[in-house]
1. Kindly provide the set of residues from the stretch 96-130 that are farther than 13 Å from GLY50 by Cβ and open to solvent by 40 Å² or more (accessible area, probe 1.4 Å), ordered by number.
2. How many of the residues in the stretch 30-44 are surrounded by 11 or more Cβ atoms within 10 Å (Cβ to Cβ) and more than 14 Å from VAL73 (Cα to Cα)?
3. Could you tell me whether the stretch 77-85 includes any residue that is surrounded by 18 or more Cβ atoms within 10 Å (Cβ to Cβ) and modelled with pLDDT under 95?
4. Every residue in the stretch 106-145 that is under 19 Å from GLY67 (Cα atoms), part of a strand (DSSP E or B) and not small (Gly, Ala, Ser), please.
5. Note down all Cβ pairs under 6 Å where the first residue falls in the stretch 39-60 and is within 24 Å of ALA110 (Cβ to Cβ), the second is among the acidic types (Asp, Glu) and open to solvent by 30 Å² or more (accessible area, probe 1.4 Å), and they're at least six residues apart or on different chains.
Amino acid sequence: MKKMKFVASALLLAIAAAVPCVASAALPQKFGPPLIAVKSFNHFRLVGIGVSHEGRVFASAPAAKSGNKLVEVNVHTGAVTPYPNQSWNMAGTDPEHQWVVPQAMYVDRADHLWVLDVGSGPIPPKLVEFNLSDNQVIRNYGFQGTVSPTAGGCGGPSDSLNDVRVDLKHGYAYLTN
């Protein structure tokens, strides 16, 4: 059997390690092949994962106060590189082309990476579609008039986007709020 590789944060490893403590009657009698850690993160609070059809792995840390918020993980070496580049991972003056709070990712049938950035305070949420063959933005979708910006502690109603799935056949993106 082929060993399954995985990318995990320290939290996910702790949860996985706790599973054997469950009563044996609740566990199935057969287990799959052992898992192999590809990359462990200590200070990168992993929330989102996306995997391309070629096996490229993307991870997001939306709560990162500094450093990279969206990275690509090399599954062979564990090396991490900012995705799509360093400028998207640096706070700047162009919120349309930078990560604010990249919460979720999805890779569609066309092998395009979709990243849901939920925004923060005055910076509105966006959904960005990347062509993985050249790492270029195909489209950047805004939600003005559809989704309320995050209140940022100022009170008032706000939406809290969490996840995304894309249905190319019917032309829909589904987001949880």
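1. Listed by number, the residues that qualify are GLU96, HIS97, ARG109, ALA110, SER120, PRO122, ILE123, PRO124.
2. 1
3. Checked against the condition, which is being surrounded by 18 or more Cβ atoms within 10 Å (Cβ to Cβ) and modelled with pLDDT under 95, the stretch 77-85 yields no hits at all.
4. Narrowing the stretch 106-145 to residues under 19 Å from GLY67 (Cα atoms): 115-120, 123.
Next cut, part of a strand (DSSP E or B) only: 115-117, 120, 123.
Within the stretch 106-145, VAL115, LEU116, ASP117, ILE123 qualify.
5. As it stands, the answer is PHE58/GLU72, since those pairs meet every condition given.
The values are calculated or read from the model by the stated rules, or taken from the named source; none is laboratory data. From a predicted model like this one, the values you see are computed outputs, not experimental measurements. Here the Cβ is made from the backbone with ideal geometry for all residues, glycine too, and neighbour counts use every protein chain on show. Protein only, heavy atoms only, side chains kept; ligands, DNA and RNA dropped before computing areas. Shrake-Rupley method; radii C 1.70, N 1.55, O 1.52, S 1.80 Å.
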